[in-house]
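Let me begin by presenting the structure, written as structure tokens, before commenting on it.
The values are calculated or read from the model by the stated rules, or taken from the named source; none is laboratory data. Everything quoted here is computed from the prediction, not taken from an experiment. Ideal geometry is used to build each Cβ from the backbone, glycine not excepted, and the neighbour counts take in all protein chains shown.
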Amino acid sequence: MPLDLHIGILELSTQINVWTHKFYTFACNWLMPLGLVILLMGLTVLPERSLYHKLFYVTIAAPTLLALLLRSRSSKAIWLNPVIITFLLFSAWALLSVNWSDTDQAFSSLLKRPLYILMLFAACALMALHNHERLAQSTLLAALLMLPITLYCLADFISSQTLDGRLVGTGALDNPLLSSHIFGFFCALWLALSMTLPARQGLPALIAAAVMGAAVLATGSRTPLLATAMTCAWLIVACWNKRAIWLMLSGAAALVALVLIHPETLSSRGLSYRPELWIKTLSKVAEQPWHGFGFDAHLAIFLADMPTYGFSEPHSFALGVLYYTGIIGLIIWLAMHALALFQCWKHKGNFMFIVCGALLVYGIGAGLTEGGGILSRPKEHWLVTWIPLALIAALSIRTQQAQSTRS
């Protein structure tokens with residue numbers, strides 16, 4: 001090979017490496033963190049969901065995929081994380097179940113859904129590996145931006161509400177129950193921060209949690225109240241200090257006050273057909289208990305009181321997993337959450353794990369009586385399912401890397 005050609009190839013290779021490093025750094029430091037902020041609170045400010053999806057593709061999905069291809073060696077730790085491994089197993093089983101599903105969607109379309117979620121896992125992990133502060137900063141920035149938005153929503157709701165009104169919110173939000181996932185997520189986040197930050201910062205965080213809690217109450221949704229109670233229980237056990245005792249007493253006092261002042265919050269609308277929906281779903285599951293009806297299978301649940309309306313969700317994430325992927329899929333799903341929660345408990349000396357554990361516990365509580373779709377494009381349900389799991393996986397990967405470096 002001529003010397004000039006050899007030198008030219010070396011220079012080109014060096015230049016490509018420089019460009020690759022610059023893109024990787026830019027993506028991890030700016031694009032992905034921006035994407036995470038948009039993912040967390042974008043629905044409250046963006047005019048339509050299609051734009052929300054497009055921004056996710058541009059700031060998280062595409063840059064993360066390219067970064068993984070460019071830095072395949074440095075991303076090996078991502079694929080060894082137990083939470084991500086179980087997610088891959090669950091996704092593989094869900095995609096396999098398409099073979100016996102009556103879905104009318106093309107397989108290529110269904111394949112994109114777990115791929116989007118995988119890119120979320122990978123993006124959080126890459127941020128944690130490259131610059132772990134970006135992950136915390138992005139989440140905190142979204143929480144701070146949500147405060148004025150929530151205050152505006154509450155002010156607008158109070159000034160225009162009717163007797164039976166329920167807060168929906170701004171932007172692309174269009175359903176009070178789904179809106180409660182967003183407000184509840186940030187309520188749990190601020191509540192966890194109030195328990196783990198130093199005293200001077202803990203009080204402002206507690207006030208922020210109260211603001212988000214007021215928005216949750218204004219949505220009229222009761223599932224977030226149960227989820228918040230579960231979050232408080234996690235924080236009390238994980239932290240167990242003077243603040244935990246105060247949280248326990250404050251939670252009991254808040255519940256008593258709610259029952260005495262506004263009991264309709266808990267008793268209105270009855271059980272919203274939940275028991276009937278669950279019984280009907282379980283009766284269908286009994287027909288194909290082990291492998292389910294398949295990913296994206298048709299589901300229509302008709303109730304005696306509403307014979308002409310078919311519910312397309314069982315209003316329970318666990319039952320949704322059971323219906324679509326059977327007992328096998330549910331076991332993997334539960335294992336994924338159990339592994340994530342175990343990581344939080346194992347590393348509870350790190351306050352970030354306590355915070356992310358609170359988000360996961362809140363999501364588990366919120367999913368008890370809401371949801372049903374197992375794999376979807378970005379929407380409100382991600383805040384109570386995939387985002388907490390992705391944050392925990394990223395923290396676990398970062399912690400393992402730090403331990404390996406010290407040893």
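Kindly provide the set of residues from region 340-362 that are farther than 19 Å from Leu140 by Cβ and touching a residue at least 12 places away in the same chain (Cβ under 8 Å), ordered by number.
Result: Ala340, Leu341, Gln343, Trp345, His347, Lys348, Val361.
Given the criterion of a type in the set (Gly, Ala, Ser) and modelled with pLDDT of 90 or more, identify the matching residue among Gly329, Gly251.
Details: Gly251 fails: modelled with pLDDT of 90 or more.
Matching residue, one of Gly329, Gly251: Gly329.
Residue-level check: of (1) of a type in the set (Gly, Ala, Ser); (2) within 23 Å of Leu151 (Cβ to Cβ); (3) crowded, with 18+ Cβ neighbours inside 10 Å; (4) over 19 Å from the mean Cα position of the chain (by Cα), Ala238 misses just (2). Which of the residues spanning region 220-241 are at pLDDT below 90 and either aromatic (Phe, Trp, Tyr) or in contact with a Cys (Cβ under 7 Å, 6 or more places away or on another chain) (or both)? Hit for region 220-241 is Trp240, nothing else.
Within region 109-123, identify whether any single residue is assigned to a helix (DSSP H, G or I), among the aromatic types (Phe, Trp, Tyr) and in contact (Cβ under 8 Å) with a residue 60 or more places away in the chain, and answer yes or no. Can you show your working first?
The first filter runs over region 109-123 and keeps only residues assigned to a helix (DSSP H, G or I), leaving 109-123.
Restricting the remaining residues to those that are among the aromatic types (Phe, Trp, Tyr) gives 116, 121.
If we keep only those that are in contact (Cβ under 8 Å) with a residue 60 or more places away in the chain too, we end up with 116, 121.
Yes, the conditions are met somewhere in region 109-123.
For residues that are crowded, with 16+ Cβ neighbours inside 10 Å and over 18 Å from Leu383 (Cα atoms), scanning just region 24-63, find the one that is modelled with the lowest pLDDT. Among those residues, the one meeting the criterion is Tyr24. The one condition from (1) free of Cβ contacts under 8 Å to residues at least 60 places away in the same chain; (2) outside any loop (DSSP other than H, G, I, E, B) that Leu129 does not meet is (1).
The listed residues are Arg377, Arg398, and the only one of them that is among the basic types (Lys, Arg), under 22 Å from Gly184 (Cβ atoms) and more than 11 Å from the chain's Cα centre (by Cα) turns out to be Arg377.
Okay, residues lined up against (1) of a type in the set (Phe, Trp, Tyr); (2) at pLDDT below 75; (3) in contact with a Leu (Cβ under 7 Å, 6 or more places away or on another chain):
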| position | (1), (2), (3) |
| --- | --- |
| Arg243 | no, no, no |
| Trp246 | yes, no, no |
| Ala257 | no, yes, no |
| Leu260 | no, yes, no |
| Tyr273 | yes, yes, yes |
| Glu276 | no, no, yes |
| Gln288 | no, no, no |
| His291 | no, no, no |
| Gly294 | no, no, no |
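In this structure, is Leu191 surrounded by 22 or more Cβ atoms within 10 Å (Cβ to Cβ) and touching a residue at least 12 places away in the same chain (Cβ under 8 Å)? Write out each step before concluding.
Working: surrounded by 22 or more Cβ atoms within 10 Å (Cβ to Cβ): yes; touching a residue at least 12 places away in the same chain (Cβ under 8 Å): yes.
In short, yes.
Within region 138-164, take every residue that is out of contact with any Pro (no Cβ under 7 Å at 6 or more places or on another chain) and within 26 Å of Val83 (Cα to Cα) and give me the one that is surrounded by the most Cβ atoms within 10 Å (Cβ to Cβ).
We begin by selecting, within region 138-164, every residue out of contact with any Pro (no Cβ under 7 Å at 6 or more places or on another chain); these are 139-164.
So of that shortlist, the ones also within 26 Å of Val83 (Cα to Cα) come out as 139-143.
On the way: Thr139: 23, Leu140: 13, Leu141: 16, Ala142: 20, Ala143: 20.
Checked region 138-164; the qualifying residue surrounded by the most Cβ atoms within 10 Å (Cβ to Cβ) is Thr139.
Of Ala335, Ala358, Ala340, all but one fail to be surrounded by fewer than 21 Cβ atoms within 10 Å (Cβ to Cβ), assigned to a helix (DSSP H, G or I) and among the small types (Gly, Ala, Ser); the exception is Ala335. Taking the stated definitions as given, is Ile78 part of a helix (DSSP H, G or I), crowded, with 23+ Cβ neighbours inside 10 Å and of a type in the set (Val, Ile, Thr)? Here the answer is no, as Ile78 does not meet what is asked.
Selection of region 361-407 for residues being in a helix (DSSP H, G or I), surrounded by fewer than 21 Cβ atoms within 10 Å (Cβ to Cβ) and among the hydroxyl-bearing types (Ser, Thr, Tyr) yields Thr399, Ser404, Thr405.
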